[in-house]
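A short write-up of the structure that comes next.
None of the figures in this text is laboratory data; all of them are computed from the coordinates on show. These numbers were taken from a predicted model, which means no experiment stands behind them. Because the Cβ atoms are built from the backbone with ideal geometry, glycine has one as well, and the counts that use them run over all protein chains shown.
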Amino acid sequence: MNTSDFDYHLPPELIAQTPIETRDQSRLLVLNRQDRTLEHRLFTDITEYLNAGDVLVFNNSRVIPARLKGTRVDTGGSVEILLLRKLDNGTWQTLVKPGKRVRQGTVIEISNTDSGKKMTGEVVDYSNGGTRILKFSDENLLLEFGDVPLPPYIHTHLDDPERYQTVYAEPEGSAAAPTAGLHFTPELLQELLDKGVKCLFTTLHIGLDTFRPVKEVDPQEHLIHSEYGILDAQTALEIRKAKNDGRRIICVGTTSVRLVEAAVQNSGENTIQPYEGWVDLYILPGYQFRITDAMITNFHLPRSTLIMMVSAFAGTEYIKKAYREAVESKYRFYSFGDAMLIL
């Protein structure tokens, strides 16, 4: 297995730059793992594939205004900071650009032109993958100063930042949206509930790996970063009951997959238990899924851990076939793009 196995050609014009006007009117490519068929539908048609008793597992993490702009106190040079993970009160793991000259002890001033307030962030340490540990002078001002970070492949201004949030987002903590959930509207969720589909909510705060391609030739040598997750006792109980009854667990997004599968691994048993803590589960082809029966997901970047996960779930060649057809059919790709339902 090589990282190049998960590469594909994508014309740049297929990278969605803006969200579709109505969330659930995006396209949906339906993959059936049993007969290896592909169907072209709209996302709102997903109700036809879900049955009473099915369980949808969502990630309700909310994207924080994690992009900050500041200036170095020593040189006056401009610096951009991306908050990745809160480590302690006022201390965060961050990506800093340009980062090569931002060494330990560098102080960055961040100001809010509207309010006139200021704060500083000091580089106190380094972390894996070239990240910096910053200690900020005022935790309360931190998120007030920031902007919601869009992925680097999106170059169009987003007029409504709420379109980069799911309609059910609550606890703040992610540096990127759980994008498979962006297709759901309150009306679609209600339609599913009325049909008897169970909707459960977990939390996994999305961090660094969303922004990092796998650079190693052997993907098993890639260091996956941890993300903080919470799966409460009631949700774990509902999933256990559904599995015992033979009902389907359908994960909305790769982050939900990681969390529920990690919760089984960390339980020490072959069943899901409540879990709160760091999740570093890296899913590659050969992995045996113990909870996930079906998956809703967007189209992922080449050579990413996410396309490796869906390949583990559906088979590498089948995913390649689906992606080829999506490109030929001019589906919209990545965060604001179309979706897949893998049954």
- Item | Rounded to 10°, Cα long-axis angle of helix 254-267 versus longest principal axis of the chain | 80 degrees
- For Glu13 paired with Glu317, estimate the spin-label separation in nm (one decimal), with each label point 7 Å from Cα along the Cα-to-Cβ line. 3.3 nm
- Query: What residue among Tyr126, Phe145, Leu83 has its Cα farthest toward the positive end of the dipole of the range 67-145, where the charges are +1 on Lys, Arg and -1 on Asp, Glu, each on the Cβ?
  - Reply: Tyr126
- Message: With just the Cα atoms defining each centre, how far is the range 1-51 from the range 169-189? Give it in Å.
- Response: 17 Å
- Note on the structure: For Val124 and Gln265, extending 7 Å from Cα along the Cα-Cβ vector and measuring point to point gives, in nm, a value of 3.0 nm
- Item | Integer Hz, Karplus 6.51/-1.76/1.60 couplings in order for the range 303-311, x for Gly and Pro | 6, 9, 5, 6, 5, 5, 5, 5, 5
- Can you run phi through the Karplus equation (6.51, -1.76, 1.60; θ = phi - 60°) for the range 69-79 and list ³J(HN,Hα) in whole Hz, with x for Gly and Pro? 10, x, 10, 6, 5, 7, 10, x, x, 6, 9
- Item | Nearest-20 debye value, the chain charge dipole, Cβ charges on Lys, Arg, Asp, Glu | 620 debye
- Count the lysine pairs in the range 67-145 whose Cα atoms sit under 17 Å apart, keeping only pairs 8 or more residues apart in sequence or on different chains. 8
- Backbone HN-Hα couplings from phi across the range 47-64 [Karplus 6.51/-1.76/1.60, Hz, Gly and Pro as x]: 4, 6, 9, 10, 10, 4, x, 4, 10, 9, 10, 9, 9, 9, 5, 9, 6, 8
- Task: Identify which of the listed values of volume of the Cα convex hull per residue in Å³ was calculated from the structure shown: (i) 143; (ii) 155; (iii) 243.
- Result: (i)
- Message: Suppose every Lys and Arg Cβ carries +1 and every Asp and Glu Cβ carries -1, with no other charges. What dipole size does the range 67-145 come out with about its Cα centre, to the nearest 20 debye?
- Response: 360 debye
- Message: Students often forget the sequence filter, so: which lysines lie under 17 Å Cα-Cα from Lys321 once same-chain residues fewer than 8 apart are removed?
- Response: Lys330
- Prolate/oblate/rounded label for the range 114-231 (Cα gyration tensor, a/c 1.5): oblate
- Using a ≥ b ≥ c from the Cα gyration tensor of the range 102-175 (square roots of the eigenvalues), is it rounded, prolate or oblate, where a/c under 1.5 gives rounded and otherwise the larger of a/b and b/c decides, a/b for prolate? prolate
- Computed over the chain: longest principal axis from alpha-carbon atoms vs helix 316-328 long axis, angle to nearest 10 degrees, is 80 degrees
- Shape call for the range 67-145 from the C-alpha gyration tensor, a ≥ b ≥ c root eigenvalues: rounded (a/c under 1.5), prolate (a/b greater than b/c) or oblate? oblate
